[in-house]
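The values are calculated or read from the model by the stated rules, or taken from the named source; none is laboratory data. Owing to the predicted nature of the structure, the values given are computational and were not obtained by experimental measurement. Methodologically, a virtual Cβ is constructed for each residue, glycine included, from the backbone with ideal geometry; neighbour enumeration extends over all protein chains shown.
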Amino acid sequence: MYIRYEVADKIATITLDRPQAANAQNADLLDELDAAWTRAATDDEVAVIVLRGEGKHFSAGHDLKDRWPAPKDITLEWIYQTESRRYLEYSLRWRNVPKPSIAAVQGRCIAGGLLLCWPCDLIVAAEDALFSDPVVFMGIGGVEYHGHTWELGARKAKEILFTGRAVTAREAEQVGMVNKVVAREELDAQTRALATTIAAMPPFGLRQAKRAVNQTLDVQGFYAAIQSVFDVHSTGHGNALSVNGFPILMALDEMKQRIE
Ligand code: ZN
């Protein structure tokens, strides 16, 4: 089990519980996480969902040491299908759960880590939070779910993609990606206080408010852009596959050195 799930006072708390691996996401963790979101979405006793990570870091991203098929079985079709389901569809589904959600982020939130916090409606960050997407080092133009431009604005999105550098919590707050920055030791309490305030509001009003904002983004092109950029992402995998074979493991050590 990689996910803990608790409900108290109308707040469902979903915890990434793999701190020994900085909450890196293997397939099982993501499937358990999706099940927890579904449980919270369908439980009438739950008004607000909090997503948090156990330990020093929110999430190191996709677990590049997960159990992969044999190299000969890793085709672009396999990559496309696997990533459509666990990265694109999961993140979109969590974004559209008709209840408010809050991510509490501390430490590193790398690449696939963004796919867990961006779909949440609000983000509370600890002062030590660092958000980054260094997958350009792998020859791919960013992670599967292209929140970058929507969350950071076009220039900042390009800057972090072009350089691979991390955005600090304060910087993320300035551009509106994060709602609030708090001391690390205050993260859980402040997130809970915000969740408690929201949980006291009328559920149908909350649902409609969320729909109003998400629908506005969708009319502006959010949904269509997310879909088409996923395909752009896949061409990066296609090229890397044709040049090097499955690129991820080969690039892993180099990437780690550059981001640490
Ligand atoms: Zn990918």
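Checking Val136 against (1) in a helix (DSSP H, G or I); (2) aliphatic (A, V, I, L, M); (3) modelled with pLDDT of 95 or more, only one condition comes out false. Which one?
So the condition that Val136 fails would be (3).
Return the pair list, or none, for Cβ contacts closer than 6 Å from residues in the range 10-25 that are of a type in the set (Ser, Thr, Tyr) to residues that are in a strand (DSSP E or B), at least 6 apart or on different chains.
Here the result reads Thr13/Glu6; Thr13/Val50; Thr15/Arg4; Thr15/Arg52, each pair linking the range 10-25 to a residue that is in a strand (DSSP E or B).
Within the range 79-123, which residues are small (Gly, Ala, Ser) and over 15 Å from Asp63 (Cβ atoms)?
Ser84, Ser91, Ser101, Ala103, Ala104, Gly107
Scan the range 37-56 and report the pairs whose first residue is without any contact (Cβ under 8 Å) to a residue 12 or more places away in the chain and on the phi > 0 side of the Ramachandran plot and whose second residue is surrounded by 14 or more Cβ atoms within 10 Å (Cβ to Cβ) and among the acidic types (Asp, Glu), with Cβ atoms within less than 6 Å and a gap of 6+ or a chain change.
Within 6 Å, no pair qualifies.
So that you can scan it fast, the table gives a plain yes or no per residue for (1) of a type in the set (Asp, Glu); (2) more than 15 Å from the ligand (Cβ to nearest atom); (3) under 18 Å from the mean Cα position of the chain (by Cα); (4) surrounded by 13 or more Cβ atoms within 10 Å (Cβ to Cβ):
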{"site": "Gln190", "(1), (2), (3), (4)": "no, yes, no, yes"}
{"site": "Leu194", "(1), (2), (3), (4)": "no, yes, no, yes"}
{"site": "Phe204", "(1), (2), (3), (4)": "no, yes, no, no"}
{"site": "Ala212", "(1), (2), (3), (4)": "no, yes, no, no"}
{"site": "Gly221", "(1), (2), (3), (4)": "no, yes, no, no"}
{"site": "Ala224", "(1), (2), (3), (4)": "no, yes, no, no"}
{"site": "Asp231", "(1), (2), (3), (4)": "yes, no, no, no"}
{"site": "Thr235", "(1), (2), (3), (4)": "no, no, no, no"}
{"site": "Leu241", "(1), (2), (3), (4)": "no, no, no, yes"}
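Could you check the range 11-117 for helices (runs of 4 or more DSSP H) lying wholly inside it with 3 or more residues that are within 16 Å of the ligand (Cβ to nearest atom), under 12 Å from the mean Cα position of the chain (by Cα) and modelled with pLDDT of 95 or more? Steps first, answer last, please.
Values: elements: 27-42, 76-83, 90-95, 114-117.
Counting at least 3 such residues, we get 90-95, 114-117.
Would you be able to say whether some residue in the range 150-170 is away from the ligand (no atom under 16 Å from the Cβ) and of a type in the set (S, T, N, Q)?
yes
Those residues that are among the β-branched types (Val, Ile, Thr) and part of a helix (DSSP H, G or I), I need them from the range 156-194; list them, please.
If the condition is that a residue be among the β-branched types (Val, Ile, Thr) and part of a helix (DSSP H, G or I), then Ile160, Thr163, Thr191 are the ones that fit.
Which one is nearest to Val182 (Cα to Cα) among residues in the range 130-145 that are over 17 Å from the mean Cα position of the chain (by Cα) and in contact (Cβ under 8 Å) with a residue 40 or more places away in the chain?
Going residue by residue through the range 130-145, those that are over 17 Å from the mean Cα position of the chain (by Cα) are 136-140.
So of that shortlist, the ones also in contact (Cβ under 8 Å) with a residue 40 or more places away in the chain come out as 137-140.
Working: Phe137: 31, Met138: 33, Gly139: 35, Ile140: 33 Å.
It comes out as Phe137.
Hey, could you check the range 100-135 for residues that are closer than 28 Å to Phe204 by Cα and in contact with a Lys or Arg (Cβ under 7 Å, 6 or more places away or on another chain) and say which is surrounded by the most Cβ atoms within 10 Å (Cβ to Cβ)?
The selected residue is Val124.
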